[in-house]
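Let me begin by presenting the structure, written as structure tokens, before commenting on it.
Each reported figure results from applying straightforward, stated rules to the coordinates on display, with no laboratory input. Note that the structure is predicted; figures quoted are calculated from it, not measured. Ideal geometry is used to build each Cβ from the backbone, glycine not excepted, and the neighbour counts take in all protein chains shown.
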Amino acid sequence: MALDFSGITKVVEALIPWDTVCIASPSGGQPVFDTTTGQYTYPEAQAVYEGPGAVQTAGTPAEVVSIPGVNLPWAPETRSKYRLLTPVAAPVAEKDMLVTVVQIHPGGDLALLGRQWRVQDPGGAATINVLRVTALDQIQQTRQAGA
């Protein structure tokens, strides 16, 4: 006898204060130099999903990933552990896709806007699943003053 968990899925989905998230596949094109701005521009990422989602910290502090050596040409980068919750009906986010929060639910955390995360592993799948959980790492960026 197979168990039907669709009722539980509806209850759990109704309890989550969903924001609107966009999952995009980064474009593979080459950057183009813009002579007006003096900056390289990259082709637009292709959105594969825009809909209900929630971004949360993974409950553990960030860690610094570095290889010892004072003469290395790069600085250690922080790994910011986050997770993305999406309905099971949403497509599975693949490794290295980009996640942004495009709209916040009423009373939600406005600090989510303007940030971007990279998918660490394909979205989770399980025999019994009421939500899809995807591991994220925040892309480090400088926020504009006053933003």
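Structure notes:
- Rounded to whole Hz, the Karplus (6.51, -1.76, 1.60) HN-Hα couplings of the stretch 33-39, x for glycine and proline: 7, 9, 5, 6, 8, x, 10
- Phi-derived couplings, Karplus 6.51 cos²θ - 1.76 cosθ + 1.60 at θ = phi - 60°, listed residue by residue for the stretch 115-128: 9, 9, 10, 10, 5, 7, 9, x, x, x, 9, 8, 4, 10 Hz, with x used for Gly and Pro.
- The simple Förster model, with R0 at 25 Å and r as the Cβ-Cβ distance, assigns residue 129 and residue 57 a FRET efficiency of 0.70.
- Residue separation of residue 3 and residue 30 scaled by 0.36 nm, minus their Cα-Cα distance, works out to 4.8 nm of gained length.
- Placing dummy labels 7 Å off each Cα toward the beta-carbon, the span from residue 45 to residue 109 is 1.9 nm.
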